[in-house]
Every structure is written in structure tokens, then in C-alpha cells.
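Asker: This is the structure I want to talk about, given as C-alpha cells.
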Amino acid sequence: MKSLLLLVSLCLFSVNLFAGESQFGLVNQSMGNLVVPYSASGKGRSFEIAHMDSLHLNLRNFATMTNISQTTFSFNLGYNAIWAENRVEKTFFDFANFQGVSLAIPLQQKIFALGFGIHPYTSIEQRVQSTSTIDGDAISQNVFVRGGLGKANFNLAYKFSDNLSVGLGYEYTFGKISEQVVIDVEDNISSEIEFKYDNKLYGNGLVLSLIGSPLENVNIGVMTRTPVFGKITQTGETLADALNSDKEFDVELPSEYNIGIEYLLSPTYIVGLDFIYQDWEKGYLVDDKKIAQHNSYYHIGAGVEKKGSERRFVKYSEQIDYRLGVFYSELAHLNNNEKVNEYGISAGLSLPIQKFQSKIDLAGFIAKRGNLSKNILEEIIFGFGISINANELWFVNIED
């Protein structure tokens, strides 16, 4: 992002940063902050990779689709409220966003399944405002950066035995990062200079997934995404025709590795652990060149779930699933040339709509991101997620 380099080169008297989302992730050629897709049930317990359920769709491991007995649909939304503090000011902002939609179709019940989905991958929305004085003229600059990437996936999953299911899928990565720069010069004619660039990305990758039970009451899940190979097309909209011609760059986004373990303590209680890793420091390349200010991303989550009763005729309160978890992450970007850490706690529950057929999952978390002394910025985040899960029997009386 050339305008960010211009911003740094100016002799600044003051800088203010505004955001519709997290203030982290504003670096040169950023694709935005990672949005790690979890269903609300996975968010509540902070693990999902090795979890199988006959109604929930697992966004971290597509091999679990073989446990779906009916065509099943999941729709996910999220809300975040962020209290941020830097060395100049304190700010508050909040936003709601789409967290993905998934559909799983059993081609052979409990054996062979087909799945589709679309989910956010990265997101950024920020404004940097700066002022300076050159030759006695006041100059103000506003840099607006917004957009993000998404993933559309197509997956097949097959159960080879009661203890092993394997999935193979294709993912199409797409999106746009827009950057607009407005420079006002308070001279005799009050000049204004405006630049706008759109960076459109598309790429292709594969997804390999597995879930198995090597020991009694133990599930192990693995999902690997290959590197995404694609193109970035940069389009300019400025007063200079020479800057407006389309430019195309090869791009590579890093592989992703997911591994999880789940242990059934009893028919009622389960515990689990997730680990996710992506090497953005070495694996993010534009025209075969590494992009500075990126870092290896990893996420660790662990938690517990108390499952509701599966008996048919019990009180509604006894049918609810309850969840609690903790998590720790290291973000994919540096801030102030330092790594950015995030940690928090989560909780959630499942509310049956129609027993064995549809549920609403609710999840919430509180997290701290960054460190004021090390990163010159820190954020307290309160997040909320909701998933609506239903199968094709939604309108059918189970007694029929």
C-alpha cells in the first residue's frame, strides 16, 4: 500500500487512527485481520476440530459431516464491541458481521456426505488521519482502508470405518481491499488530492480433513489447507491516467494446519483442545517476495461442555448444552515491530428449538489484545456469536 509508506514518510505533528474493526493489522499490503471461523458452539467451548455432532456443522473439520443423518443447514452471525487505547486517546467502536453459512447433504446416510459453505477469511476497516506543516502550509491526510477476503468451499467426506472419516475439498478464496487517500493542502487555493486503489484477489486451494477415534472415548481431528495460489489485480482511480492502469501480481497465501483432541469424560461431560497454525511471516508472498511486518499466526483453545439430556421427555432446562473455554492467540501482524498476543475466556449454550432437529447456539467471549507498552495499542474485546442449525425435518413432527 503505497499511501501507507507516504504516510510514514511525512513529518507528522499528530496521528489519529479510527476503526470500524480492530485497530491491529494496518501494515503494508495487509490482507486484513484473520477471521478464524468457528460455529457458535465451537466459540463457546473454544474447541471444535475433533468434535462430532449429529446436528451442528463443524467449520474447523469437514470430515465430521459423515455424522450428519439429514440435510443440515447452519447460519452464523457475530458482534464485537472493542474498547481500544493507544498513547493518545481511548476509543470505542462496535460492529456486527456475517460469520458464514454451511450446508451438508448426506449422499449415503452416516457414510458419504457432500458439503458447501462460504465464510469470511480476513477483514479490515480503518482510517488513519494525520496532519503536518510544509513550507507554512497545513497538510492533512486521511487514509481509508476497508475490505477483506472470503472463502467458498466444496467438500466430500467419506466414513471408512466407525473410527475413521476422511474429507477432501476445494476452496476458492476471493475478496477486495480498497484504499482511499485524501490529502488536503491549506494553501491559497485549498488544494485537494485524492487517490483510490482497489486490490482484488482470487485464488485456489485444497482442504484435507480427518477425524478418528484411536482410543475409546477419544476423538482426534485434523484439517489442513494447502497454500492458496492466485492473483491480485490492482486498479487505480486517480487524476493521472498513468497510475490508473491495471497491474497484476502473483500471490501466495500460507498453508493452514488444524489439529484437535476431544475426550469424553462421561456421557454428559466432554473436554477438548484445538491448535491452529499459519506462517504468514514466510508463507505470504507477492511476486515471490515476502511481505514485511507479518508474523506466524497460531491459536490455542481448550474447554469443557456439559451436554443436555438426550431423553425425549425431560424439562427444557435439562435439554440445554452448556460450554466454557479459554484461548490464546498470536496475531498474523506485528505492531510497533512487536508480536501481538491475544487471550480470553468464552462461554456458551445450545437452546433446542425442536428436539434432535434444530438448535440455536449462543456464545460470548471477553479478550485482551495487544499491550500498551509493547505494541503502543491494546484492546479489550467483548464478542457475541449466534448459530442457527436445522435439518430438513424442521417442519416435521418427530412423532410422525
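The values are calculated or read from the model by the stated rules, or taken from the named source; none is laboratory data. Owing to the predicted nature of the structure, the values given are computational and were not obtained by experimental measurement. Cβ: placed from backbone, ideal geometry, glycine included. Neighbour counts: every protein chain shown.
Asker: Within segment 143-158, which residues are modelled with pLDDT of 95 or more, surrounded by fewer than 20 Cβ atoms within 10 Å (Cβ to Cβ) and over 16 Å from the mean Cα position of the chain (by Cα)?
Answerer: PHE154, LEU156, TYR158
Asker: Could you tell me whether LEU264 is touching a residue at least 40 places away in the same chain (Cβ under 8 Å) and surrounded by fewer than 18 Cβ atoms within 10 Å (Cβ to Cβ)?
Answerer: Against the criterion (touching a residue at least 40 places away in the same chain (Cβ under 8 Å) and surrounded by fewer than 18 Cβ atoms within 10 Å (Cβ to Cβ)), LEU264 qualifies.
Asker: Can you tell me which condition THR64 does not meet? The list is (1) farther than 29 Å from GLY344 by Cβ; (2) in contact with a strand residue (DSSP E or B) (Cβ under 6 Å, 6 or more places away or on another chain); (3) among the hydroxyl-bearing types (Ser, Thr, Tyr), and all the others hold.
Answerer: Of (1) farther than 29 Å from GLY344 by Cβ; (2) in contact with a strand residue (DSSP E or B) (Cβ under 6 Å, 6 or more places away or on another chain); (3) among the hydroxyl-bearing types (Ser, Thr, Tyr), only one is false for THR64: (1).
Asker: Right, next: Here is a list: LYS307, LYS289, LYS315. Which entry is charged (D, E, K, R), crowded, with 17+ Cβ neighbours inside 10 Å and over 21 Å from the mean Cα position of the chain (by Cα)?
Answerer: LYS307
Asker: How about segment 74-90: which of its residues are surrounded by fewer than 18 Cβ atoms within 10 Å (Cβ to Cβ) and hydrophobic (A, V, I, L, M, F, W, C)?
Answerer: Scanning segment 74-90 gives PHE75, LEU77, ALA81, TRP83, VAL88.
Asker: Would you please name the residue that is modelled with the highest pLDDT, looking only at residues in segment 183-203 that are of a type in the set (A, V, I, L, M, F, W, C) and crowded, with 16+ Cβ neighbours inside 10 Å?
Answerer: In this case the residue turns out to be LEU201.
Asker: Go through (1) part of a strand (DSSP E or B); (2) surrounded by fewer than 16 Cβ atoms within 10 Å (Cβ to Cβ) one by one and return the number of the condition PHE93 breaks.
Answerer: Failing condition for PHE93: (2).
Asker: Still on this structure: Would you check if ILE276 is farther than 21 Å from ASN155 by Cα, in contact with a Lys or Arg (Cβ under 9 Å, 6 or more places away or on another chain) and buried (at least 16 other Cβ atoms within 10 Å of the Cβ)?
Answerer: Considered against the rule, which asks whether it is farther than 21 Å from ASN155 by Cα, in contact with a Lys or Arg (Cβ under 9 Å, 6 or more places away or on another chain) and buried (at least 16 other Cβ atoms within 10 Å of the Cβ), ILE276 comes out as no.
Asker: Separate question: How many of the residues making up segment 122-138 are modelled with pLDDT of 75 or more and out of contact with any helix residue (DSSP H, G or I) (no Cβ under 7 Å at 6 or more places or on another chain)?
Answerer: Total satisfying the criteria: 6.
Asker: Within segment 219-240, is there a residue that is surrounded by fewer than 16 Cβ atoms within 10 Å (Cβ to Cβ), small (Gly, Ala, Ser) and within 30 Å of GLY303 (Cβ to Cβ)?
Answerer: No, segment 219-240 has no match at all.
Asker: Here are ASN341, ASN337, ASN371: which of them is exposed (fewer than 15 other Cβ atoms within 10 Å of the Cβ) and either in contact (Cβ under 8 Å) with a residue 40 or more places away in the chain or over 15 Å from GLY383 (Cβ atoms) (or both)?
Answerer: ASN337
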